[in-house]
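**Student:** Encoded as structure tokens, here's the structure I'll be asking about.
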Amino acid sequence: MITKSHIVDLETPTGTMRTYVHRPEGDGYYPAILFYSEIFQQTGPIERAARLMAGHGYAVLVPEVFHELNPIGTVLGYDDAGREKGNADKSNKPVEIYDSDNSVLIEYVKQQPWWSGKIGAMGFCIGGHLAFRAALQPEVEATACFYATDLHTNTIPNQPGQHSLDRAIEIRGELLMIWGKQDPHIPAEGRSAVYRKLSDTAGLTFTWHEFNGPHAFMRDECERYDAQLAMLGYQLALQLFGRKLV
């Protein structure tokens, strides 16, 4: 499918959230995917990933995840300065704001003439965690989380009762969890903790894949990019969304 893109600025309780919308060209009805970036916001690799998904028949929305903490349109570099700023933003944004961001995105989707009536979520790195967080919304029926950071810790968030993994019982849709075994940010013991929690959550449906790959193996603009693993990851996500959203 040929795709087209546009920008929408959504008003949230904490300010304007720029959101990039990528969807098939022409008339039609499409499921929506809330697509969450790494700490760097919508970089070239994130935009290309979103457009790839859009080209398979989805309306993909990429919000600026740290919109409260940066000027509209900010894209951080894949360098030490960008990592330092992005990690600081990750630590400084209260987790409940992600919930209100998700609610605003979902309400926007519901008003669109191209929407088919189905919503999914997807994300990489901290975006994998934010996609998991989006899955707490009852409208989200399928979620693909790629190497979701901080799920296994209490650092994001650190508020009692708000930790994302502790709220897994609220998830009604299906989860796809994808990890790299050589990812230092989510070590084996961390992945095991997440797996045990999900397995112990009554009524939760999820699939689990661990690849021999490093952190950020989906990012097509770094030395860790693994094209073969990335293709497998996209295929798994498309299979999930094809079953649950189409």
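FYI, it's all coordinate maths here, none of it is from the lab. All values derive from a computational prediction rather than experimental measurement.
**Student:** Would you look at the GNM of the chain, springs on alpha carbons closer than 10 Å, and say which of 15, 120, 213 moves the most?
**Tutor:** Greatest mean-square fluctuation among the candidates belongs to 15.
**Student:** Moving on to the next point. Pop out the ³J(HN,Hα) list for region 41-57 in order, Karplus 6.51 cos²θ - 1.76 cosθ + 1.60 with θ = phi - 60°, rounded to Hz; leave Gly and Pro as x.
**Tutor:** With the stated coefficients, region 41-57 comes to 6, 7, 7, x, x, 5, 4, 5, 5, 5, 5, 4, 5, 4, x, 9, x Hz.
**Student:** Under the rule of at least 5 residues apart or a separate chain, name every residue whose amide H is placed under 5 Å from the amide H of residue 213.
**Tutor:** 181, 182
**Student:** Once the Cα atoms of region 113-246 are picked out, what are the Rg and Dmax in Å?
**Tutor:** Taking only Cα atoms of region 113-246, I get Rg and Dmax of 14.4, 45 Å.
**Student:** Next up: Please list 3J(HN,Hα) in residue order for region 198-215, calculated via the Karplus relation 6.51 cos²θ - 1.76 cosθ + 1.60 where θ = phi - 60°; whole Hz, with x for glycine and proline.
**Tutor:** Per residue, the Karplus-derived 3J(HN,Hα) values read 5, 5, 7, 8, 4, x, 8, 10, 8, 10, 9, 9, 10, 9, 7, x, x, 4 Hz.
**Student:** In Å and from the alpha-carbon atoms only, list the Rg and Dmax of region 51-143.
**Tutor:** Over region 51-143's Cα set, Rg and Dmax evaluate to 14.2, 42 Å.
**Student:** Let me ask something else. What residues have an amide H closer than 5 Å to that of residue 206, excluding those fewer than 5 places away on the same chain, when H is modeled at 1.01 Å from N in the peptide plane?
**Tutor:** Close amide H contacts, sequence-distant or interchain: 175.
**Student:** Over all directions, what mean area does the Cα convex hull of the chain project, stated in square nanometres?
**Tutor:** On the way: hull surface 47.7 nm².
About 11.9 nm², averaged over all directions.
**Student:** Let me ask you something else. To the nearest whole percent, what portion of all C-alpha pairs in region 1-122 is separated by more than 21 angstrom? All intermediate terms of the calculation are to be shown ahead of the outcome.
**Tutor:** Values: 2669 of 7381 pairs.
Within region 1-122, distances greater than 21 Å cover 36 percent of Cα pairs.
**Student:** Name the long-range amide H neighbours of residue 144: under 5 Å, sequence gap of 5 or more, or other chain; modelled H, no Pro or chain starts.
**Tutor:** When sequence neighbours closer than 5 places are left aside, the close amide H contacts are 121, 122, 123, 176.
**Student:** Rounded to the nearest 500, what is the 222 nm mean residue ellipticity of the chain from helices alone, with -39500 (n - 2.57) per DSSP H run of 4+ residues and division by all residues?
**Tutor:** Values: 6 runs with 79 residues, N = 246.
Counting only the DSSP helices, I get -10000 deg cm²/dmol.
**Student:** Here is a further query. With θ taken as phi - 60° and the coefficients 6.51, -1.76 and 1.60, list the Karplus ³J(HN,Hα) couplings across region 227-237 in order, rounded to whole Hz; mark glycine and proline as x.
**Tutor:** With the stated coefficients, region 227-237 comes to 4, 5, 5, 4, 4, 4, x, 4, 4, 5, 5 Hz.
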